[in-house]
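K.L.:
Input: one structure, supplied below.
The values are calculated or read from the model by the stated rules, or taken from the named source; none is laboratory data. Since this is a predicted model, take the numbers as computed values, not measurements. We place every Cβ from the backbone using ideal geometry, glycine too, and count neighbours over all the protein chains shown.
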Amino acid sequence: MSDVRLAADTRAVARLTIARPLRKNAFDAALIAEITAAVGRVDRSTRAVVLQSEGDTFCAGADIEWMRGMAGYSLDENIADSTALAAMFRALYDLEMPLVARVQGAAIGGGAGLVAVADIAVASTDASFAFSETRLGILPAVVSPYVVRKIGPGRATALFATGSRIDAKRAHEIGLVERLVEPSDLDAAVGSVLDAIISGGPKAVNAAKRLVREVEGKHIDEIADLTVKRIAEIRVSHEGQEGLRAFLEKREPRW
């Protein structure tokens with residue numbers, strides 16, 4: 001039986017569920033492969049993807065038994081293993097539509113990396129986060145690009161070097177988490193984020209996600225022509241025209 005489920009609802013919202021609660025939804029080679037494969041099955045018409053998990057832990061990072069088996073790996077075997085993990089994170093990062101993480105309980109190591117790779121993370125107040133790899137004598141290398149992008153180099157350095165666990169309030173303060181709610185309100189908060197995404201034009205929402213990546217880290221002069229082109233193109237698109245007409249006619253857009 002698969003430890004990963006992918007299901008879409010009538011609003012074209014896909015839910016990618018890690019269903020390995022007895023192992024705290026921890027990664028092993030099989031789970032990494034299943035997540036990567038599931039991401040590859042997400043239909044391009046999907047409006048948003050919710051990354052969630054079963055049980056009281058979001059994701060505990062690497063499975064202990066898997067780590068025990070890797071203890072004797074050669075360098076080449078470790079490179080192959082890490083390449084698969086990097087491919088999983090890259091697949092999630094490359095989704096065209098917004099990726100929303102629903103976070104309950106602990107998100108440790110690669111589990112915290114899943115939070116960092118999400119476009120929007122909604123967490124309950126009982127969640128906690130740690131990049132604890134250095135306490136095992138290793139590094140959070142594969143997740144580092146996403147973490148640094150999300151919270152900046154200074155805060156990433158502090159979390160990586162100390163391996164300290166932070167609570168949900170601190171994760172929210174540093175930008176790892178976008179919204180913080182009481183545990184009983186978690187599903188409603190995720191639903192509210194999805195409602196907001198779906199209220200926008202499908203192409204515009206995906207283009208907005210892409211736009212951030214196109215302008216990130218660039219000097220204004222470098223991307224001035226790009227931003228002019230992006231807004232002009234979408235204004236004349238069918239979706240842009242429909243959105244403008246709906247606004248002027250004081251009705252809901254048809255998308």
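K.L.:
Only one of V122, V177 is surrounded by 16 or more Cβ atoms within 10 Å (Cβ to Cβ), in a loop (DSSP other than H, G, I, E, B), assigned by TED's automatic domain parsing to the domain that holds A106 and in contact with a helix residue (DSSP H, G or I) (Cβ under 6 Å, 6 or more places away or on another chain). Can you tell me which?
P.N.:
V177
K.L.:
Is there a residue being free of Cβ contacts under 8 Å to residues at least 40 places away in the same chain, under 17 Å from P253 (Cα atoms) and in contact with a Ser or Thr (Cβ under 8 Å, 6 or more places away or on another chain) anywhere in region 182-196?
P.N.:
Looking through region 182-196, none of the residues is free of Cβ contacts under 8 Å to residues at least 40 places away in the same chain, under 17 Å from P253 (Cα atoms) and in contact with a Ser or Thr (Cβ under 8 Å, 6 or more places away or on another chain).
K.L.:
Can you tell me which residue is farthest from the chain's Cα centre (by Cα) among those in region 8-52 that are over 16 Å from V205 (Cβ atoms) and β-branched (V, I, T)?
P.N.:
That would be T10.
Residue by residue, here is whether (1) without any contact (Cβ under 8 Å) to a residue 40 or more places away in the chain; (2) over 19 Å from the mean Cα position of the chain (by Cα) holds:
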position: A130; (1), (2): yes, no
position: T134; (1), (2): yes, yes
position: I138; (1), (2): yes, yes
position: V142; (1), (2): no, no
position: P145; (1), (2): yes, no
position: R155; (1), (2): yes, no
position: A158; (1), (2): yes, yes
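K.L.:
Filter region 232-255 down to residues that are surrounded by fewer than 12 Cβ atoms within 10 Å (Cβ to Cβ) and among the hydrophobic types (A, V, I, L, M, F, W, C) and give me whichever is nearest to R149 (Cα to Cα).
P.N.:
Of everything passing the filter in region 232-255, A232 is nearest to R149 (Cα to Cα).
K.L.:
Is one or more of the residues making up region 23-34 surrounded by 15 or more Cβ atoms within 10 Å (Cβ to Cβ), modelled with pLDDT of 95 or more, over 25 Å from G137 (Cβ atoms) and touching a strand residue (DSSP E or B) at 6+ places or on another chain (Cβ under 6 Å)?
P.N.:
So far as region 23-34 goes, yes, one or more of its residues are surrounded by 15 or more Cβ atoms within 10 Å (Cβ to Cβ), modelled with pLDDT of 95 or more, over 25 Å from G137 (Cβ atoms) and touching a strand residue (DSSP E or B) at 6+ places or on another chain (Cβ under 6 Å).
K.L.:
If you take the residues in region 1-15 that are in contact (Cβ under 8 Å) with a residue 24 or more places away in the chain and exposed (fewer than 14 other Cβ atoms within 10 Å of the Cβ), which one is farthest from L95 (Cα to Cα)?
P.N.:
Once the filter is applied, the top-ranked residue is S2.
K.L.:
Could you check region 171-181 and list, in sequence order, the residues that are in contact (Cβ under 8 Å) with a residue 24 or more places away in the chain and within 15 Å of F131 (Cβ to Cβ)?
P.N.:
Passing the criteria: A171, G175, L176, V177.
K.L.:
Moving to a separate point now. Looking at (1) surrounded by 15 or more Cβ atoms within 10 Å (Cβ to Cβ); (2) within 19 Å of the chain's Cα centre (by Cα); (3) over 19 Å from R47 (Cβ atoms), which is the only condition I198 fails?
P.N.:
In the conditions (1) surrounded by 15 or more Cβ atoms within 10 Å (Cβ to Cβ); (2) within 19 Å of the chain's Cα centre (by Cα); (3) over 19 Å from R47 (Cβ atoms), I198 misses (3) alone.
K.L.:
Among the residues of region 193-237, which ones are outside any helix (DSSP H, G or I) and of a type in the set (S, T, Y)?
P.N.:
S237
K.L.:
Looking at (1) at pLDDT 95 or above; (2) out of contact with any helix residue (DSSP H, G or I) (no Cβ under 8 Å at 6 or more places or on another chain), find the lone condition where R135 falls short.
P.N.:
(1)
K.L.:
Still on this structure: A156: exposed (fewer than 15 other Cβ atoms within 10 Å of the Cβ) and either outside the structural domain of T57 (by TED's automatic domain parsing) or not in a strand (DSSP E or B) (or both), yes or no?
P.N.:
Judged against the criteria, A156 is not a match.
K.L.:
May I ask you to say which residue of A141, A107, A91, A116 is in the same structural domain as E178 (by TED's automatic domain parsing) and assigned to a loop (DSSP other than H, G, I, E, B)?
P.N.:
Sole residue among the options that is in the same structural domain as E178 (by TED's automatic domain parsing) and assigned to a loop (DSSP other than H, G, I, E, B): A141.
K.L.:
Just checking, does region 184-192 include any residue being assigned to a strand (DSSP E or B), under 25 Å from G110 (Cβ atoms) and among the acidic types (D, E)?
P.N.:
Taking every residue of region 184-192 in turn, none turns out to be assigned to a strand (DSSP E or B), under 25 Å from G110 (Cβ atoms) and among the acidic types (D, E).
K.L.:
Moving on to the next point. Any residue in region 74-97 that's touching a residue at least 24 places away in the same chain (Cβ under 8 Å) and acidic (D, E): show its pairings with residues that are assigned to a helix (DSSP H, G or I) and surrounded by 11 or more Cβ atoms within 10 Å (Cβ to Cβ) at Cβ separation under 6 Å, as long as the two are six or more apart or on different chains.
P.N.:
E96/N206
K.L.:
A further question on this structure: Need a quick list: strands (runs of 3 or more DSSP E) entirely within region 1-88 having at least 3 residues that are assigned by TED's automatic domain parsing to the domain that holds A207 and polar (S, T, N, Q).
P.N.:
none
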